[in-house]
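The values are calculated or read from the model by the stated rules, or taken from the named source; none is laboratory data. Quick caveat: nothing in here was measured; it's all calculated off a predicted structure. We place every Cβ from the backbone using ideal geometry, glycine too, and count neighbours over all the protein chains shown. Remember, those area values only see protein heavy atoms, side chains included, never the ligands or the DNA or RNA. Shrake-Rupley method; radii C 1.70, N 1.55, O 1.52, S 1.80 Å.
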Amino acid sequence: MSKILVTGGAGYIGSHTCVELLGAGHEITVFDNLCNSQPEALARVQRIADKSLHFVQGDIRDRVALLQALRTSGATAVIHFAGLKAVGDSVKDPLSYYDNNVVGTACLLSAMAECGVKTLVFSSSATVYGDPQFLPLTEDHRLCATNPYGQTKLVIEGMLQDLYRSDPDWRIGILRYFNPVGAHVSGLIGEDPQGPPNNLLPFVAQVAVGRRAFLSVWGDDYDTPDGTGVRDYIHVVDLAQGHVKALARLQAQAQCLVVNLGTGIGYSVLDMVRAFEQASGKPVPYKVAPRRSGDVASNYADPTLAFEQLGWRAERGLETMCADAWRWQNANPNGYTVVAN
Ligand code: UD1
């Protein structure tokens, strides 16, 4: 069992991964600047796991703070979630995306090198495939960014490949996530977007709980079975377990591993609406609106390589994704923020 530094560990995917890491017996230090997360998430992670973790409030662009956290924690590996992820914001303010994501990752890697910590699992995204040339998407599909957020993921992937080529002692896992949804089965942790959610499932959940009047379905004239966009939704706990498996694989063998984490199954926006209505017993009113710029018709993974390389496959289906998302949303209608009545 190892000591691990988890950047961005208080966020949505990070917090679920912390639960799985603690469950697997690892000792963890979360390094997070809390720019889009709440310390309460970490309190709840510890409650679920019935184990404690260390927390350092810090920014990955702060080299001194990183060096100190790496040394104090005694970490032998880093799981790196910290980063900005809103596509629309990245178009409006690209420099903050390059600064946080690219400069932040370069700073982290150089601090790791200085401390002799050369094992890293990185959160990449299916966004690196751009508009799919074929489906399902395999890891050798051509890479192409359609917005600054995606471009930062591509630049970082390239930086990691270059680093591995320069020094094959590095052990690097690049995990390309499809669409993470759902929440821990306890209902204690989940996705807590600040402001109106950009992503489908949190928006649907807020409509079901009565926080928003209706969902806008962005386009019903795509070349898909019902005309709405098709995506590969993956339960966040499956995704989190993929990280634990990737870490174990890297610890067994130095390599630069690139794998999709998806289910291989595509569901449409209307499939998701219906499944959520079923799971919650609440209506999810929607209105069809124009297409969102930059959206593609369909996008889903070929998850074969993840199974071959990691022995990992997604186990939780659509019903579980919606039931767990609803449990979290219903128990925490305002996320981690407690609103006084
Ligand atoms: C988006 C990002 C992607 C990022 C991912 C993170 C864009 C163009 N892409 O992916 O880079 O990695 O989130 O999870 O933003 N939809 C609606 N109404 C809504 C919200 C979404 O109809 O209010 C539809 C979309 O048109 C799409 C599907 O739901 O067909 C999923 O959308 P979303 O959850 O935003 O994910 P992606 O666009 O796949």
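Percent of Cα pairs in segment 139-243 per distance bin of 5 Å, from zero to the largest separation: 2, 9, 13, 16, 20, 16, 12, 7, 4, 2, 0. Build a GNM of the chain with springs between Cα atoms under 10 Å apart, and of T138, T127, T17 the one that fluctuates most is T138.
Full extension of the segment from S186 to Q278, taken as 0.36 nm per residue of separation minus the current Cα-Cα distance, would add 31.2 nm.
Listed by chain and number, the lysines placed with their C-alpha closer than 28 angstrom to that of K153 are K3, K85, K92, K118, K245; residues fewer than eight positions away on the same chain are left out. Build a GNM of the chain with springs between Cα atoms under 10 Å apart, and of Q241, Q251, Q133 the one that fluctuates most is Q133. Between the helical axis of 318-331 and the longest alpha-carbon principal axis of the chain there is an angle of about 90 degrees.
Estimated from the Cβ-Cβ distance and a Förster radius of 22 angstrom, the FRET efficiency linking R142 and D93 is about 0.20.
Note that segment 57-140 shows a convex hull volume over its alpha carbon atoms of 116 Å³ per residue. Around the Cα centre of segment 170-233, unit charges on the Cβ atoms of Lys, Arg, Asp and Glu (plus for the first two, minus for the last two) sum to a dipole of about 360 debye. Annotation note: trypsin sites (Lys or Arg not before Pro) in segment 134-175 located in DSSP loop regions with a Cβ neighbour count of at most 12 within 10 Å are R142.
Normalising the average separation of contacting C-alpha pairs (under 8 angstrom, six or more residues apart) by the number of residues puts the relative contact order of the chain at 19 percent.
Mind checking which of I79, N36, S2 is farthest towards the positive end of segment 1-90's charge dipole, using Cβ charges of +1 (Lys, Arg) and -1 (Asp, Glu) about the Cα centre? About the Cα centre, the residue reaching furthest to the positive side is S2. Applying D = kT/(6 pi eta Rh) to segment 196-282, where Rh is the Kirkwood radius over alpha-carbon pairs, T corresponds to 25 °C and eta to 0.890 mPa s, the Stokes-Einstein value obtained is 160 µm²/s.
Among A86, A240, A183, the residue with the largest mean-square fluctuation in a Gaussian network model of the chain, with springs joining Cα atoms closer than 10 Å, is A86. Kirkwood hydrodynamic radius, segment 1-152, all distinct C-alpha pairs: what's the number in Å? Here the Kirkwood hydrodynamic radius works out to 16.2 Å.
Between Q255 and H54, the FRET efficiency estimated from the beta carbon spacing at R0 = 35 angstrom works out to 0.75. The distance from the alpha carbon centre of segment 93-127 to that of segment 132-193 is 12 Å, rounded to a whole number.
Note that segment 237-341 shows a convex hull volume over its alpha carbon atoms of 170 Å³ per residue. In this structure E191 has an accessible area near 30 Å², from a 1.4 Å probe over the protein heavy atoms. Put a dot 7 Å past the Cα of R71, heading toward its Cβ, do the same for E308, and the two dots end up 4.4 nm apart. Using bins of 20 Å that start at zero, the share of Cα-Cα pairs per bin across the chain amounts to 32, 61, 7, in whole %.
A probe of 1.4 angstrom, applied to the heavy atoms of all protein chains, finds W312 with accessible area near 10 square angstrom. Rg ratio for segment 82-216: its Cα radius of gyration over 2.2 N^0.38 Å, N being its residue count, equals 1.22. For segment 22-96, the normalised intensity computed at q = 0.21, 0.24 Å⁻¹ comes to -1.04, -1.20 (log10 of I(q)/I(0), Debye sum over alpha carbons, equal scatterers, no solvent).
With 0.36 nm allotted per residue and the present C-alpha distance subtracted, the D295-D221 stretch has 25.4 nm of extension available.
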